[in-house]
Amino acid sequence: GEPVIEHVDVPLGIGETKEYTFSTPADLSIGHYTHLLKAWTIHESDLNPANDSFETKVKHIAPAAVPYRMGFEPDEDTSLMTFLNLNEDDGDWGINIGGGWFGNFARTDYGCLAYNYNKENAADDWAFLEPIQMEEGYYVLKFWYSATENHKEKMRLYYGSAPTPEAMTNLIHDYDCIDNDKYAEAIHIFQVENPGPVYIGFYCYSDADENWLVIDDLSIDQVDP
């Protein structure tokens, strides 16, 4: 919005600080939105105005909305995703950003959701999307997934009311054998009976000493029954 200008009638010596609270409040009411706040000083005798500003970002934490899109890219906010490594090994879910020496696992651009295996332990790991506000009705969930040839990955897809295994009471699909090394598209229609924030959960339960499982370009839309 337009800058808010207020007069601070307090002299400041060299190295001194002063805490000041604006009398005009900032409007941070837009949910699921990152607000940029910038403050700066103006003085007619200031010979170096370039060092007189400061800015910060404030995110209004709120459920996302439908239609929903997530490509797991560096410029997308994935901070509200939740990851659980139930057996506490080094095989777990995370956001993989490619382009380095290890290659790029993403279907498009550079980011994807990825599970990396453990040689000794079977997978017992969850990845939950951020909360998404949904009304009663039918929704279509689409995403692309791939694994590694000759390595059979296993994953169950759920939705529930909280980012916990106990709240994942609605099984959408059980992928008991994923071994395609090229991306394939998944399309699932599911029904939400109780309006509110909904969490999508990916549970990997692959055997020990398998390989990567990756997901990219996810979308959720409401559909006519």
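Quick notes on this one:
- The set of residues in the stretch 192-212 being of a type in the set (D, E, K, R) and crowded, with 22+ Cβ neighbours inside 10 Å consists of Glu210 alone.
- Residues of the stretch 91-102 classified as open to solvent by less than 50 Å² (accessible area, probe 1.4 Å), under 13 Å from the mean Cα position of the chain (by Cα) and without any contact (Cβ under 8 Å) to a residue 40 or more places away in the chain, total: 1
- For the stretch 155-167, the count of residues that are under 24 Å from Asp207 (Cβ atoms), hydroxyl-bearing (Ser, Thr, Tyr) and out of contact with any Ser or Thr (no Cβ under 7 Å at 6 or more places or on another chain) is nonzero.
- Residue identified as within 22 Å of Asp176 (Cβ to Cβ) and open to solvent by 50 Å² or more (accessible area, probe 1.4 Å) among Glu120, Glu88: Glu120
- Figure legend. Inter-residue proximity from the stretch 11-26: first residues within 16 Å of Asp52 (Cβ to Cβ), second residues basic (Lys, Arg) and open to solvent by 100 Å² or more (accessible area, probe 1.4 Å), beta-carbon distance below 9 Å, spacing 6+ or different chains. Indicated pairs: Leu12/Lys18.
- Here the stretch 44-82 is the region considered, the condition is being charged (D, E, K, R) and not in a loop (DSSP other than H, G, I, E, B), and the residue that is least open to solvent (accessible area, probe 1.4 Å) is Lys59.
- Some residue of the stretch 146-163 being over 19 Å from Phe72 (Cβ atoms), within 21 Å of the chain's Cα centre (by Cα) and open to solvent by 50 Å² or more (accessible area, probe 1.4 Å): yes
- Selection of the stretch 78-127 for residues being in contact with a strand residue (DSSP E or B) (Cβ under 7 Å, 6 or more places away or on another chain) and among the acidic types (Asp, Glu) yields Asp92, Asp125.
Okay, residues lined up against (1) of a type in the set (D, E, K, R); (2) within 14 Å of Trp93 (Cβ to Cβ); (3) in a loop (DSSP other than H, G, I, E, B); (4) modelled with pLDDT of 95 or more:
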{"site": "Ala127", "(1), (2), (3), (4)": "no, yes, no, yes"}
{"site": "His173", "(1), (2), (3), (4)": "no, no, no, yes"}
{"site": "His188", "(1), (2), (3), (4)": "no, no, no, yes"}
{"site": "Val198", "(1), (2), (3), (4)": "no, no, no, yes"}
{"site": "Pro225", "(1), (2), (3), (4)": "no, no, yes, no"}
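- Taken together, the residues in the stretch 149-166 that are in a strand (DSSP E or B) and touching a Cys at 6+ places or on another chain (Cβ under 6 Å) amount to 1.
- Of Ile189, Ile178, Ile215, Ile132, all but one fail to be more than 20 Å from the chain's Cα centre (by Cα) and open to solvent by less than 30 Å² (accessible area, probe 1.4 Å); the exception is Ile178.
- Some residue of the stretch 35-53 being closer than 21 Å to Gly111 by Cβ and of a type in the set (S, T, N, Q): no
- Conditions (1) free of Cβ contacts under 8 Å to residues at least 40 places away in the same chain; (2) open to solvent by less than 90 Å² (accessible area, probe 1.4 Å); (3) assigned to a loop (DSSP other than H, G, I, E, B): number failed by Phe105: (1)
The values are calculated or read from the model by the stated rules, or taken from the named source; none is laboratory data. Since the model is a prediction, treat every value here as computed from it, not as a measurement. Note: ideal-geometry Cβ built from the backbone for every residue, glycine included; neighbour counts use all protein chains shown. Note: areas computed on protein heavy atoms with side chains; ligands, DNA, RNA excluded. Shrake-Rupley method; radii C 1.70, N 1.55, O 1.52, S 1.80 Å.
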